[in-house]
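Some notes on the structure that comes next.
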Amino acid sequence: MKAMGKVFKYGDNVDTDVIIPARYLNSSDPKELAMHCMEDIDSDFYKNVEKGDIIVANKNFGCGSSREHAPISIKVAGVSCVIATTFARIFYRNAINIGLPILECEAAVKGIEAGDKVEVDFDSGIITNVTKGETYQAEAFPPFMQELIQADGLVNYIKKA
């Protein structure tokens with residue numbers, strides 16, 4: 001399983017209120033949520049993100065409340081994966097549950113810049129910065145997690161079982 005796209009890069013402590021502002025939580029429509037993804041930190045994100053693009057962030061990405069709306073808005077906006085130094089644990093679990101691949105890799109975060117083209121191989125955990133010709137090693141997803149993500153989340157995975 002692979003992903004490839006251009007990078008949107010953010011700093012430390014990007015919380016769920018920044019990922020999807022609370023003022024939009026009166027909607028449960030994933031497409032509506034995606035239209036407002038990251039708008040308080042990057043007002044042009046939704047206009048510029050393309051299917052397959054990648055978010056790279058520093059420490060504690062997804063901190064704050066435990067809402068699943070945050071990873072849903074990222075995924076439906078077209079982001080193929082998120083790479084960060086660390087994730088808030090509840091965001092990590094919610095992302096996997098809805099089928100959004102996420103990887104922790106400090107070296108990649110340090111080496112990748114906004115706009116770089118990046119490829120991620122989830123089988124090996126290798127992150128390749130195509131723009132710079134550099135590679136970084138993250139932990140590969142175990143097969144059961146890859147199946148969960150390929151099924152588009154936990155609910156669909158269980159339905160297939």
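Cβ-Cβ contacts under 7 Å between residues 6 or more apart (or on different chains), taken from a first residue in the stretch 100-112 that is in contact (Cβ under 8 Å) with a residue 12 or more places away in the chain to a second residue that is of a type outside the set (Ser, Thr, Tyr) and part of a helix (DSSP H, G or I), are listed as Leu100/Pro71; Leu100/Ile74; Leu100/Lys75; Pro101/Ile149; Ile102/Ala95. Is the stretch 64-79 home to any residue that is at pLDDT 95 or above, surrounded by fewer than 17 Cβ atoms within 10 Å (Cβ to Cβ), more than 11 Å from the chain's Cα centre (by Cα) and polar (S, T, N, Q)? No: zero hits. Within the stretch 98-129, the residues that satisfy the criterion of being more than 16 Å from Lys9 (Cα to Cα) and surrounded by fewer than 19 Cβ atoms within 10 Å (Cβ to Cβ) are Asp121, Asp123, Ser124, Gly125, Ile126. Of all residues in the stretch 114-154 being of a type in the set (Gly, Ala, Ser) and under 25 Å from Phe45 (Cβ atoms), which is modelled with the lowest pLDDT? The qualifying residue modelled with the lowest pLDDT is Gly153.
Residue count for the stretch 38-47 satisfying the condition of being out of contact with any Phe, Trp or Tyr (no Cβ under 6 Å at 6 or more places or on another chain) and touching a residue at least 24 places away in the same chain (Cβ under 8 Å): 4.
Being surrounded by fewer than 20 Cβ atoms within 10 Å (Cβ to Cβ) and not in a helix (DSSP H, G or I), is that true of even one residue in the stretch 87-94? Among the residues of the stretch 87-94, not one is surrounded by fewer than 20 Cβ atoms within 10 Å (Cβ to Cβ) and not in a helix (DSSP H, G or I), which makes the answer no.
Residues in the stretch 49-86 that are assigned to a loop (DSSP other than H, G, I, E, B), of a type in the set (Lys, Arg) and within 25 Å of Asp121 (Cβ to Cβ): Lys51, Lys59. Could you go through the stretch 34-48 and let me know if any residue there is in a helix (DSSP H, G or I) and either in contact with a Leu (Cβ under 9 Å, 6 or more places away or on another chain) or farther than 29 Å from Glu134 by Cα (or both). Scanning the stretch 34-48, I find at least one residue that is in a helix (DSSP H, G or I) and either in contact with a Leu (Cβ under 9 Å, 6 or more places away or on another chain) or farther than 29 Å from Glu134 by Cα (or both), so the answer is yes.
Selection of the stretch 18-34 for residues being touching a Phe, Trp or Tyr at 6+ places or on another chain (Cβ under 8 Å) and free of Cβ contacts under 8 Å to residues at least 12 places away in the same chain yields only Glu32.
The values are calculated or read from the model by the stated rules, or taken from the named source; none is laboratory data. None of these values were measured; they are calculated from a predicted model. FYI the Cβ positions are ideal-geometry reconstructions off the backbone, even for glycines, and counts take in every protein chain you see.
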